[in-house]
Amino acid sequence: MTVLAIVLGLLAVWLVFTFNKLVGLKNQVLNAFRQIDVQLKRRHDLIPNLVNAVKGEMKFEKETLESVVQARAAAVNAGQGGNMNEVLAKEGMLTQALGKLFALTENYPNLKAVEVVRTLMEELRTTENQIGFSRQFYNDIVTRFNIQQQVFPTNMFAAMLGFQPAALWELPADSVERNVPKVDLTV
Amino acid sequence: MNIYEQQETNRRTTMVLLGAFLLLFLAVGAGFDFFYLSFNPIAGEPSYKLNSAGYYEAHNARPQMIPYGTIAALLFGIAMVLNSVFNGPKMVLRSTMARRAVSTDPDEKQFINVVREMSIASGVPMPGTYVVPDPDANAFAAGFSYDNAVIAVTEGLLKNLNREELQAVVAHEMSHIRNYDMRVMTVAAALMGAIALISDFAGRSARYGGRSRGRSSGGGRSGKGGGAAVLILFVVWLFLVILAPLFSRMLAMAISRQREFLADASAAELTRNPMGLVSALEKIRSAVQPTQAINNGVAHMCITDPRGSLIEEKSGFAADLLATHPPMEKRILALKMMAYQKASA
């Protein structure tokens, strides 16, 4: 009788601890996801400035600039729509377009001398990195959250306590970011 | 070992460290009490005997019951630790003449950005960013909690490293903050200083004061055999006092070296790019001149020993005991192994 009571008591204590741990992790996951959002917003805000700054010097690259502006508009729209797959796809396109712009600026040494452009480039690069790192952090946290749920014996109780494995931030299979950039070396 | 277990280990290490230092303080303080301030709780009541001259002479003079020396040593140690906890980062920054990084300078703006990136990657709040005016390449982190943590780099580092390498160095410092290494090292450094001062004081008293008690009463306390035992005890205590700074230094350095390896590994985990840190370390290593602005007290917090001493390059016994950082060779090798693992996986 006492043995049974002790075992049940221990089980209850263990359940409380497990539950609290999982709640903590769940909130960390949510917070990490918000972080990615913040970075994406920041990128949207920076792009118009950059495009304005390089417009004069890069008038021969109208197409590229155009595509950056369009990709940004699409990404902002997707963000307001709130469809996760849509956001992923559009943000991927924007990353692609920006990468192209970055590569092209190499052809314009004059641009590097312009203080505003240099500052904006650094800002955008750090934002790109921050997006990357916040995704990485999100995935690390999600992995920990999921592992915590799936290990024995927590796996028998996790669903009962109302926890579900969170989704990792992955690129969709048909994402533009997966495309290998084509290099054309013909003159 | 993930970062939470790591933090847990570090908390435990801090406690063990505190315990070890507490014992040292107690030993030094209690010895001082016993030998100089006649503190002796186990002595009996003084007895009075009629001597040949016709008056009463006291044997076992009334002992002094309050261990002033021990209390003073402990209070001093606690004060040093508290001081380093609350003023640590400020004192370190002032001693290195560091100034806040300004966002108008492109190099420093990049540094601030990189710190923000790493704070996102590690999930730690953004620490303060400081620049030390020194042409040598070095960096350090300080701070007892996430809130008052700072990362400082030298101007030389900003000038010589590219973005990727700077990111690796900042990641290394960020890992120190994230793993609570600063806690262990701050406490260790403060106690190391306290022990050095106290043992210096006690040692001087031994040299100039002599054992007032033993001499004046001619061993009258407990007869001849007891006197010899007390003498042996005194010699042992004196050795302890002389060696205490060395012990505490070896203890602190051992912990410091282990932390460095760990921070390198965590940095690679944060940037997912061990080779960035490898090339940064190689650049820092080739700049052998000592970092003038950073003094010995901060050495254990830096990414590499600021004294520019070649002890880091050796891997002999003495270097193993006294260096603050593992040999550069070993650190680079460990990082390269991580890179190969990544490549083959």
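The numbers here are math on the coordinates, done by the rules we state, and not lab data. Please read all numbers here as calculations on a predicted model, not as lab measurements. Using ideal geometry, Cβ is built from the backbone for each residue, glycine included, and neighbour counts are taken over all protein chains shown.
Assorted remarks:
- Rounded to the nearest 20, the Cβ-based charge dipole of chain A about its Cα centre (Lys and Arg +1, Asp and Glu -1) stands at 360 debye.
- Shown in residue order for segment A:115-132 are the 3J(HN,Hα) couplings computed by the Karplus curve 6.51 cos²θ - 1.76 cosθ + 1.60 at θ = phi - 60°: 4, 4, 5, 4, 4, 5, 4, 4, 4, 5, 5, 5, 5, 4, 4, 5, 4, x Hz (x for Gly and Pro).
- Cleavage-rule hits (GluC sites (Glu not before Pro)) in segment A:22-73: DSSP loop, at most 16 neighbouring Cβ within 10 angstrom: A:Glu57
- Karplus-derived HN-Hα couplings along segment B:99-113 (A = 6.51, B = -1.76, C = 1.60, θ = phi - 60°), whole Hz, x at Gly and Pro: 10, 5, 5, 9, 7, 7, 7, x, 4, 6, 4, 4, 4, 4, 4
- The relative contact order of segment A:43-134, computed from alpha carbon pairs under 8 Å that lie at least 6 residues apart in sequence, is 40 percent.
- Using the Cβ-Cβ distance between A:Asn52 and B:Lys159 with R0 set to 35 Å, the FRET efficiency works out to roughly 0.65.
- Exposure proxy ranking, count of Cβ atoms within 10 Å, fewest first, for B:Val102, A:Val54, B:Val81, A:Val76: B:Val102, A:Val76, B:Val81, A:Val54
- Over chain A, relative contact order from alpha-carbon pairs under 8 Å, at least 6 apart, %: 30
- Taking amide hydrogens as placed 1.01 Å from N in the peptide plane, the amide H of B:Tyr130 sits under 5 Å from those of B:Ala101, B:Ile151, B:Ala152, B:Val153, each at least 5 positions away in sequence or on another chain.
- Using θ = phi - 60° and Karplus 6.51 cos²θ - 1.76 cosθ + 1.60, couplings along segment B:179-193 (whole Hz; Gly, Pro as x): 7, 6, 4, 4, 4, 4, 6, 4, 5, 4, 5, 5, 5, 4, x
- Neighbour counting of Cβ atoms within 10 Å sorts the residues B:Met185, A:Met1, A:Met93, fewest neighbours leading, into A:Met1, A:Met93, B:Met185.
- When Rg and Dmax are taken over the Cα atoms of segment A:1-142, they come to 23.1, 86 Å.
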